[in-house]
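Below is one structure, written out as structure tokens, with a few remarks after it.
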Amino acid sequence: MTDTILDVQDLRKYFPVKKGFFRRHVGDVKAVDGVSFTVDRGETLGLVGESGCGKTTTGRSVLRAIEPTSGSIRFFENGKDPVDVTQLTKAGMRHLRQKMQMIFQDPYASLNPRMTVEEIVKEPLFCFGVGTARERRERVGELLQVVGLDPKYMSRYPHTFSGGQRQRIGIARALALHPDLIVADEAVSALDVSVQAQVLNLILELQNQFHLTYIFIAHDIGVVDHICDRVAVMYIGKMVEVAGTKSLFRSPKHPYTEALLSAVPRPNPHYELKRMVLEGEVVDPAHRPSGCAFHPRCRYADGLCAAETPAMETVPQEDSRGSHAVACHHFKELQLKGVFR
Amino acid sequence: MSDRNRILEISDLKVEFNTKEGLVKALQGVDLELYEQETLGLVGESGCGKSMTARAMLRIIPEPGEITAGSIMFFVNGQWTDITKLHIDSEELRAIRGQRIGMIFQEPMTSLSPVHTVGSQVAEALTLHQTVDRKTANNRAVEMLSLVGIPDAKSRANSYPFEMSGGMRQRVMIAMALTCSPNILIADEATTALDVTIQAQILELLQRLQNDMKMAIIAVTHNLGVVAAISQRVSVMYLGKIVEEASTVDIFDDPKHPYTEALLLSVPQFSETEEHHRRPLQTIEGDIPDPYTQLPGCPFHPRCTKRIDGHCDRVVPEMIVLHDTRKVRCHLYQQGGTTT
């Protein structure tokens, strides 16, 4: 009885490359190149990958903070017919924005320094004409309490708060309109570890309290392992593997996932960092290699990998941890290592 | 560890910033030693003074900060020199800076000149410190670039930083810092801005170069995973002081200071079981206090779960030597104090 909240099919976002005096269109940076996934109500889906893999573009396209080039994004509002976010008019989009919110990485850049905390958190309420002035003020107090800030600091400006507290302000703002889906883009990456743990706990707690669904974009695999139910791994604009967190991290099926996991340093001196030979750099999405984009860096690659793009296939599961899908020609033959080896 | 030779000894180092808003005591008496060819991890959260300690060694503390007390003894050319006593424009300091002690920074884009080729920037490090002609310097630069794993170094030497990826730029920084074969390399958050796959490559590179060039590394970082991977000893800093010092294995397996312990527990770890999955993480209560406030007693006491009321908030703890490689600054380990 899965209850889908978001169904993304074949999402693409191309940024045109223009050259010369006439700004001739010479090609595209395929930031997101045919990504499909679904998100269930109340779950946390992690999006991981190296910089430039398109995880942020995917997250932003879902909210239409970036206009996708093509594809469909169906959003299922509770008890209503699904709507395709990409087809909505301005007014329809405005309504939907209440249901979908975003938390940003940089708590210094995402809050207006000239607005007080009260104004910042109140702004979404004001935009949507929620309640009277007095009710709005009460709601701000309530929201601040929910995220663990003392409402008496309401009239202060963001610069008087620490990084962790600012991130809480950003979360309060995102919660103001009772959203169903929150896209958290590197929401804890800029925080110190002790503060990061506090904010992660808050994110988990709010999910239970308000039945939130998260798309959690992060590059820190440890954090993703801790808070996500399912994880999607991206590589140059495409998803290469999607699975339940434990299944993905214990028995990855894509060589890229394996290499990524092997490169994560652990806070454990007995663990020897034996990264897989992953030579070379992340390939620039403007010059995507043929076939499987990972093949130039992959140690298992053969002729087939360079020639044909692998399709997403479902992996037969030994246990019933939910579905595991991978886009690799050789996943059946490969015995890959996960985080425990 | 102690049978090896010391090459750096910092004692009671204090750095203060006299700003309009008030006096910031960035370093409040740092003691640190470094042995030949070892890697020392200097860890802590933002504002703890780890970068300031590293910068003090090269006397590149930003204005209006100044060293108000303490010494930084550096063993070079067969004798001990106190870096804090050198004149800021002196030849001796210039000879140490960049030549005997190299440094790599977090953001390779802002630390490289955008208008010079990477080859000329690496060569400059050499011509500044040694009497070599330009041709030799350029050849050496290409050699260094290929040593740090830049493919096709000869032609890449003519590239500008903006033409390179973050990982490649960081390699250029390393090449620059190492051209003069320094005795100490300070890596200040050197891999923080990089992707994990590239980070792993750079960490491997640093370890390889350390073996080849026989240098000591001070790895300044907040990433406990990086520290565990590359350092033999760790110093943990909190608010301008070193609160614990031990071998890497001891720090991670048996942390003594409540701050170290709490810090380790707050990092999400891969667990074999699902029992911790999506469960609340251990946290350290409260925030790092702002730099203008001077807390009485142990600076960690307001956030500490093991504090002894009436003692920790009044008396400043001394560094207690548990045995020759372990030191901790905490009242819990004082003789006669309660231990848990």
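At a 10 Å Cβ-Cβ cut-off, how would you order B:GLU204, A:GLU205, fewest neighbours first?
A:GLU205, B:GLU204
What is the Rg over Rh value, at two decimals, for chain A, using alpha-carbon atoms and the Kirkwood definition of Rh?
0.99
Would you pull out the residues with amide H under 5 Å of B:ILE186's amide H, same chain only if 5 or more places away, H placed 1.01 Å from N?
Excluding prolines and chain starts, which carry no amide H, the hits are B:GLY102, B:MET103, B:ILE104, B:ILE218.
Ignore the peptide's own chain and count Cβ atoms of other chains within 10 Å of each Cβ in B:214-226; give me the average, rounded.
For this peptide, the per-residue mean of nearby foreign Cβ atoms is 2.
Enter the angle in degrees (range 0 to 90, nearest 10) between the Cα long axis of helix B:166-178 and the first principal axis of the Cα atoms of chain B, meaning the one along which they spread out most.
80 degrees
What 222 nm value per residue comes from the helices of chain A, counting each DSSP H run with n ≥ 4 as -39,500 (n - 2.57) and dividing by all residues, nearest 500 deg cm²/dmol?
Mean residue ellipticity, 222 nm, calculated: -8500 deg cm²/dmol.
A:LEU47's amide H: which non-local residues (gap 5+, or another chain) put their own amide H closer than 5 Å, with H modeled 1.01 Å from N in plane and none for Pro or chain starts?
The list, which skips near neighbours in sequence, is A:PHE216, A:ILE217, A:ALA218, A:ALA232.
B:VAL316: net charge of surrounding residues, Cβ under 10 Å, Lys/Arg +1, Asp/Glu -1, itself excluded?
+2
If you scale each eigenvalue of the Cα gyration tensor by 5 and take the root, what three semi-axes come out for segment B:146-185, rounded to whole angstrom and sorted largest first?
19, 11, 8
Please give me the summed charge of the neighbours of B:LEU34: other residues whose Cβ is under 13 Å from its Cβ, Lys and Arg +1, Asp and Glu -1.
-2
Among all the aspartates and glutamates, which ones have a C-alpha under 17 Å from B:LYS327's C-alpha, if same-chain residues fewer than 8 places away are not counted?
In chain and number order, the partners are B:GLU9, B:ASP12, B:ASP31, B:GLU33, B:GLU244, B:GLU245, B:ASP250, B:ASP253, B:ASP254, B:GLU261, B:GLU318.
Taking the C-alpha atoms of segment A:162-207, how large are the radius of gyration and the largest Cα-Cα span, Dmax, in Å?
10.3, 29
If Lys and Arg each add +1 and Asp and Glu each add -1, what is the summed charge of the other residues whose beta carbon sits under 10 Å from the beta carbon of A:ASP229?
+1
Would you tell me the mean number of C-beta atoms belonging to other protein chains that fall within 10 Å of each C-beta in A:333-339, as a whole number?
Mean shielding by partner chains, rounded to a whole number: 1.
Size of the dipole of chain B about the Cα centre, Lys and Arg at +1 and Asp and Glu at -1 on the beta carbon, nothing else charged, in debye to 20?
Using Cβ point charges on Lys, Arg, Asp and Glu, chain B gives about 580 debye.
Projected onto the charge dipole of segment B:171-295 (+1 at Lys/Arg Cβ, -1 at Asp/Glu Cβ, origin at the Cα centre), which of B:MET215, B:HIS257, B:ILE242 gives the Cα projection farthest towards the positive end?
The listed residue farthest towards the positive side: B:MET215.
Can you give the average number of partner chain beta-carbon atoms within 10 Å of each beta-carbon in peptide A:254-266, as a whole number?
Counting Cβ atoms of other protein chains within 10 Å of each residue's Cβ and averaging gives 4.
Given the peptides B:281-293, A:226-238, arrange them by the average over their residues of other C-beta atoms within 10 Å, most packed first.
Packing order, densest peptide first, comes out as A:226-238, B:281-293.
Taking amide H positions as placed in the peptide plane 1.01 Å from N, state which residues far from A:MET239 in sequence (5 or more) or on other chains have amide H under 5 Å from it.
Placed amide hydrogens put A:SER36 under 5 Å from A:MET239.
Placing +1 on the Cβ of each Lys and Arg and -1 on the Cβ of each Asp and Glu in segment A:134-275, which of A:VAL240, A:ILE169, A:LEU200 has its Cα farthest towards the positive end of the resulting dipole?
After comparing all options, I get A:ILE169.
Just list whichever of B:LYS14/B:LYS214; B:LYS25/B:LYS50; B:LYS14/B:LYS85; B:LYS25/B:LYS306; B:LYS14/B:LYS306 have alpha carbons separated by over 22 Å in the model shown.
B:LYS14/B:LYS214; B:LYS25/B:LYS306; B:LYS14/B:LYS306, as the Cα separations exceed 22 Å there.
Relative to the longest principal axis of chain B, what angle (0 to 90°, nearest 10) does the C-alpha long axis of helix B:196-213 take?
For B:196-213 against chain B, the angle is about 70 degrees.
Given 20 °C and 1.002 mPa s, compute D for the protein assembly as shown with the Stokes-Einstein relation, Rh being the Kirkwood radius over Cα pairs; round to the nearest whole µm²/s.
Roughly 79 µm²/s, to the nearest whole number.
What lysines could a cross-link reach from B:LYS154, if we take a straight Cα to Cα line under 17 Å and drop same-chain neighbours fewer than 8 places away?
B:LYS135
Readers should treat all values here as calculations from the given coordinates under stated rules, not as data from a laboratory. These figures come from a predicted structure and were not determined experimentally. Neighbour counts are summed over all protein chains in view; Cβ atoms, including those assigned to glycine, are modelled from backbone coordinates with ideal geometry.
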